[in-house]
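Input: a single structure, listed below in structure tokens.
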Amino acid sequence: MDGIHPARPGLPATAPDGSVGRGPRTRRSARDWAVDISAFLLAAAFSVLTSEAYVNDPRLSEDALALDQILGALACCALWLRKRWPVGVALACAPVSVFSHFVSGPQMFALFSLAVHRRLRTVALVLAATFAAGPFQQWVRPDPELSPALSFLVGGLLLVAPVGWGMFVRSRRQLVASLEERAVRAETEAALRAEQAQRAAREAIAREMHDVLAHRLSLLSVHAGA
């Protein structure tokens with residue numbers, strides 16, 4: 001990510017625009033693999049566990065259900081790119097969610113990553129675009145069990161919740177980075193003060209030795225003259 005200020009290992013890097021990244025790209029760690037695999041599985045599980053009423057809807061054809069599942073699988077795979085392109089992945093899920101129920105799980109994780117890695121203004125714009133797709137979603141594939149208003153309310157809560165959690169994680173990371181930066185600055189200042197104290201001590205010793213040596217030389221000159 002261009003303009004990212006590198007951070008110390010284990011801490012996020014911060015760009016000039018306020019976005020939080022992972023610093024220079026490095027080899028993926030075991031933790032990265034574990035997080036991405038967990039996000040993939042949890043997103044798929046959420047979509048499947050909440051699809052009973054949708055799958056049993058008699059108005060849904062088998063071809064439409066198969067297409068919906070394919071779109072959901074592609075959205076889950078797109079989560080592997082959510083850290084590198086959080087805005088793109090979140091925006092791509094918005095129009096697809098109009099036609100696919102199985103995109104709902106990946107969409108939540110995409111919004112979470114967006115809130116973690118981007119500024120509030122960017123998050124608000126993407127969230128507004130996502131909410132704008134809600135009425136079309138109610139028109140294209142209405143919930144068979146909930147009223148349109150209640151369905152829109154529940155869907156909105158499922159979108160706002162990951163964004164709120166992501167903003168909390170982002171603020172915590174920024175706090176940790178700020179504390180780490182202060183600790184590094186304090187260590188640097190302490191080392192500088194110690195170096196200055198040592199230099200002052202050496203200069204004081206040098207002046208004292210110079211005065212003693214000058215006094216001894218003056219005594220020798222007096223004795224020599226006598």
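The values are calculated or read from the model by the stated rules, or taken from the named source; none is laboratory data. None of these values were measured; they are calculated from a predicted model. For neighbour counting, all protein chains shown are included, and Cβ atoms are generated from backbone atoms with ideal geometry for every residue, glycine included. To get the accessible areas, we keep the full protein, side chains included, count just its heavy atoms, and leave off ligands, DNA and RNA. Shrake-Rupley method; radii C 1.70, N 1.55, O 1.52, S 1.80 Å.
Brief remarks follow.
- Mean ellipticity per residue at 222 nm, deg cm²/dmol - from DSSP H runs of n ≥ 4 across the chain, formula -39500 (n - 2.57): -25500 deg cm²/dmol
- In nm, spacing of pseudo-spin labels at Ser61 and Ala190 (7 Å Cα→C-beta vector): 7.2 nm
- In this Cβ point-charge picture (+1 for Lys and Arg, -1 for Asp and Glu), the chain has a dipole of about 880 debye about its Cα centre.
- Expressed as a whole percent, the accessible area of the range 116-226 that falls on carbon and sulfur atoms is 66 (1.4 Å probe).
- Accessible area per residue in Å² at 1.4 Å probe, computed on the chain: 65 Å²
- Cα lying deepest toward the dipole's positive end in the chain, options Phe152, Leu67, Phe168, charges on Cβ: Phe168
- Taking the chain as a Gaussian network of alpha-carbon nodes connected by springs under 10 Å, the highest mean-square fluctuation of the residues Gly134, Gly105, Gly155 belongs to Gly155.
- The mean sequence distance of close C-alpha pairs (under 8 Å, at least 6 residues apart), as a share of the length of the chain, puts its relative contact order at 18 percent.
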